[in-house]
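Below is one structure, written out as structure tokens; comments come after it.
The values are calculated or read from the model by the stated rules, or taken from the named source; none is laboratory data. Source: prediction; values computed, not measured. Cβ: placed from backbone, ideal geometry, glycine included. Neighbour counts: every protein chain shown. Heads up: the accessible areas ignore ligands, DNA and RNA and are worked out on the full protein's heavy atoms, side chains in. Shrake-Rupley method; radii C 1.70, N 1.55, O 1.52, S 1.80 Å.
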Amino acid sequence: MNWLNDNVNVLALLGAAAILILTIGVSWKYIQQMKTDKSSGELAKENWDGIGEYKNPLPIGWALSFLGTIVWALWYFFAGYPLNSYSQIGEYNDEVKSHTTQFESKFSNPDKATLMAMGEGVFLVQCAPCHGVTGDGINGKAANLEQWGNEEAVVHAIVNGAKGSEYPLGEMPAGLLDEQSAKAVAAFMMQEISSVKKNEESSAC
Ligand code: HEC
């Protein structure tokens, strides 16, 4: 029987058996005792339809546990879990918040290199599937972007889409990016893809 190979399983089973035996034994003892025991002590004045109450002192252990639970409840409510709570969700939210503020300051005022990197990332995800990683149009499947040298025209194409030249990939859908991302992509294209700028640079050398 392979469930006996697992120590934790065996301990849990032994524990369950012990609890069962103790419960049956203790219940048995008290049930037997109830049959023969006669109660004793001073009765309280009140009684309800003949059912009275003895003036026995509280068992000390019980009283201490009772007081202890009250103290614990006060601690738990005012100092423990509900108010000074730790939670994984809270920790996660805090981490997200600190990351957001960190990147908010980085991207609210991006330097040129950051803008280029953003533009490249967006281009590779949004444009390269049709226009190719180098923007050459994948052997005429879509427009060859190396010929484009005008940032505004690229932004216009991204926002409004393009159609009519019967490329195998058909039309380019409008509204691929919001205007800010479109500008970043256009800036990246002018620097890294456009042959116009490349020629300017190479002629400058
Ligand atoms: C679904 C494929 C597809 C995606 C994605 C796509 N394009 Fe295009 N794109 C095309 C096609 C096809 C054309 C040619 C459309 C025509 O003129 O008929 C085109 C044309 C263009 C043009 C020339 C527009 C004109 O007026 O001739 C530019 C610039 C351009 N795309 C840039 C981009 C940029 C930047 C992205 C990324 C944001 C992008 N495209 C994403 C398919 C795509």
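Looking at residue 29, is it free of Cβ contacts under 8 Å to residues at least 24 places away in the same chain, charged (D, E, K, R), assigned to a helix (DSSP H, G or I) and surrounded by 10 or more Cβ atoms within 10 Å (Cβ to Cβ)? Yes: the conditions hold for residue 29.
Of all the numbered requirements in (1) surrounded by fewer than 18 Cβ atoms within 10 Å (Cβ to Cβ); (2) touching a residue at least 24 places away in the same chain (Cβ under 8 Å); (3) near the ligand (Cβ under 7 Å from one of its atoms); (4) assigned to a loop (DSSP other than H, G, I, E, B), residue 141 misses one, and that requirement is (3).
In the range 99-127, the qualifying residues are those that are aromatic (Phe, Trp, Tyr) and open to solvent by 80 Å² or more (accessible area, probe 1.4 Å), and the one that is farthest from residue 191 (Cα to Cα) is 103. Answer yes or no as to whether residue 187 is near the ligand (Cβ under 8 Å from one of its atoms) and touching an Asp or Glu at 6+ places or on another chain (Cβ under 8 Å). Spelling it out, it is not the case that residue 187 is near the ligand (Cβ under 8 Å from one of its atoms) and touching an Asp or Glu at 6+ places or on another chain (Cβ under 8 Å). When restricted to residues that are surrounded by fewer than 12 Cβ atoms within 10 Å (Cβ to Cβ) and outside any helix (DSSP H, G or I), the range 177-194 contains 1. Applying the condition of being assigned to a loop (DSSP other than H, G, I, E, B) and in contact with a helix residue (DSSP H, G or I) (Cβ under 6 Å, 6 or more places away or on another chain) to the range 149-170 and asking which residue is farthest from the ligand (Cβ to nearest atom) yields 149. Here residue 174 clears all of (1) modelled with pLDDT of 90 or more; (2) open to solvent by 80 Å² or more (accessible area, probe 1.4 Å) except the condition numbered (2). Note on the range 32-69: residues that are surrounded by 10 or more Cβ atoms within 10 Å (Cβ to Cβ) and β-branched (Val, Ile, Thr) total 1.
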